[in-house]
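Q: Below you will find the structure I want to go over with you.
The values are calculated or read from the model by the stated rules, or taken from the named source; none is laboratory data. As the structure is a computational prediction, the values presented were derived from the model and not from experiment. As a convention, Cβ positions derive from the backbone with ideal geometry for all residues, glycine included, and neighbour counts pool all protein chains shown.
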Amino acid sequence: MKVVILAGGFGTRLSEYTAVIPKPMLKVGEKPMIEHIMDIYSKFGFNDFYLALGYKAEIVKDYFYKYQTLNSDFKVNLRNGDIIPYHGHSPNWSVSLIDTGIDTMTGGRIRRLKEYIDDGTFLLTYGDAVCDLNISELIDFHKSHGKLVTVTGVRPTARFGELKISEKNMVTSFIEKPQLKEGWVNGGFFVMEPKFIEYISNDSTILEKDPLERAAKDSQLMAYLHEGFWHCVDTKRDKDTLDALIKSGVKPW
């Protein structure tokens with residue numbers, strides 16, 4: 001099953017980094033965010049990736065083109081240019097790097113990939129979130145209901161401490177940055193049928209607006225509820241949180 005990663009946005013809320021690199025290439029620990037996401041899928045045997053690129057696409061292309069040399073020690077034969085890698089990390093991945101346009105919206109990027117992914121059920125996510133989701137169970141759920149789209153619902157950690165206050169302004173409970181208890185949000189990590197691409201009109205179509213709203217109206221959108229770890233990198237603080245987890249030896253995803 002093919003894995004599509006939307007990796008072409010501007011990442012304006014992380015402009016201190018994204019002025020130089022695209023958001024999915026932001027380093028978390030020792031490797032780019034997008035590689036952490038690919039590792040999640042690879043754990044479950046999904047190694048055929050399609051990266052929908054846009055903003056600073058050349059940086060992502062260059063990284064994967066030079067992946068072996070960037071992630072290995074190697075020897076170069078200067079007579080003929082042959083490179084012989086020594087020890088390094090070489091995952092069994094196939095990575096298709098498709099430039100889907102710098103100003104194309106999330107839905108439009110999927111539409112531009114149609115010729116590559118319309119031969120069967122595919123997986124889709126964004127280039128900025130990690131989680132401990134069981135991908136196999138997500139797919140089983142999707143197959144069980146027969147609808148066009150499954151979206152993973154998550155309850156992210158609140159950004160601020162939660163106060164419970166009595167009628168007389170007495171604080172009866174204080175929980176620092178709890179996981180949200182009410183409501184679910186779109187955590188990405190979709191499973192989709194190719195027919196869903198018909199819901200996408202053009203490059204300016206935003207996936208999260210008309211296509212998914214229409215799918216819900218047509219009873220073609222189901223939610224897989226994930227109660228475990230999920231973390232999106234939207235700000236420097238988000239990145240720092242993941243860096244701290246890795247440094248402490250606790251990596252939930």
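Q: Just to be sure I understand, how many residues within segment 203-243 are touching a residue at least 40 places away in the same chain (Cβ under 8 Å) and under 26 Å from Asp132 (Cβ atoms)?
A: 22
Q: Next question. Somewhere in segment 55-75, is a residue part of a loop (DSSP other than H, G, I, E, B) and at pLDDT 95 or above?
A: Yes: segment 55-75 contains one or more residues that are part of a loop (DSSP other than H, G, I, E, B) and at pLDDT 95 or above.
Q: If you check Glu16, Glu58, which single one turns out to be among the acidic types (Asp, Glu), farther than 26 Å from Leu207 by Cα and surrounded by fewer than 21 Cβ atoms within 10 Å (Cβ to Cβ)?
A: Glu16
Q: Still on this structure, I have one more. Check Val95, Val4 and return the single one that is within 13 Å of the chain's Cα centre (by Cα) and modelled with pLDDT of 95 or more.
A: Being within 13 Å of the chain's Cα centre (by Cα) and modelled with pLDDT of 95 or more holds for just one of Val95, Val4, which is Val4.
Q: Does segment 94-108 include one or more residues that are free of Cβ contacts under 8 Å to residues at least 60 places away in the same chain, assigned to a loop (DSSP other than H, G, I, E, B), at negative phi and not hydroxyl-bearing (Ser, Thr, Tyr)?
A: For segment 94-108, residues free of Cβ contacts under 8 Å to residues at least 60 places away in the same chain, assigned to a loop (DSSP other than H, G, I, E, B), at negative phi and not hydroxyl-bearing (Ser, Thr, Tyr): absent.
Q: Considering every residue within segment 81-95, establish whether at least one is under 23 Å from Phe10 (Cα atoms) and in contact with a helix residue (DSSP H, G or I) (Cβ under 9 Å, 6 or more places away or on another chain).
A: Within segment 81-95, one or more residues are under 23 Å from Phe10 (Cα atoms) and in contact with a helix residue (DSSP H, G or I) (Cβ under 9 Å, 6 or more places away or on another chain).
Q: Now for a separate question. So which of Ser136, Ser90 ends up being in a loop (DSSP other than H, G, I, E, B), under 21 Å from Lys43 (Cβ atoms) and either under 22 Å from the mean Cα position of the chain (by Cα) or modelled with pLDDT of 95 or more (or both)?
A: Ser90
Q: Can you say whether Tyr50 is assigned to a helix (DSSP H, G or I), touching a residue at least 24 places away in the same chain (Cβ under 8 Å) and either touching a strand residue (DSSP E or B) at 6+ places or on another chain (Cβ under 7 Å) or over 30 Å from Ser204 (Cβ atoms) (or both), as far as the supplied structure shows?
A: It is false that Tyr50 is assigned to a helix (DSSP H, G or I), touching a residue at least 24 places away in the same chain (Cβ under 8 Å) and either touching a strand residue (DSSP E or B) at 6+ places or on another chain (Cβ under 7 Å) or over 30 Å from Ser204 (Cβ atoms) (or both).
Q: Could you say which residue among Ser166, Ser204, Ser173 is modelled with pLDDT of 95 or more, surrounded by fewer than 18 Cβ atoms within 10 Å (Cβ to Cβ) and either hydroxyl-bearing (Ser, Thr, Tyr) or farther than 18 Å from Ile5 by Cβ (or both)?
A: Step by step, each of Ser166, Ser204, Ser173 is checked, and only Ser204 is modelled with pLDDT of 95 or more, surrounded by fewer than 18 Cβ atoms within 10 Å (Cβ to Cβ) and either hydroxyl-bearing (Ser, Thr, Tyr) or farther than 18 Å from Ile5 by Cβ (or both).
Q: List pairs: first residue in segment 7-23 and touching a residue at least 40 places away in the same chain (Cβ under 8 Å) and under 19 Å from Arg112 (Cα atoms), second residue among the small types (Gly, Ala, Ser) and assigned to a loop (DSSP other than H, G, I, E, B) anywhere in the structure, Cβ distance under 8 angstrom, at least six positions apart or on different chains.
A: As it stands, the answer is Ala7/Gly54; Ala7/Gly127; Gly8/Gly54; Gly8/Gly101; Gly9/Gly54; Gly9/Gly127, since those pairs meet every condition given.
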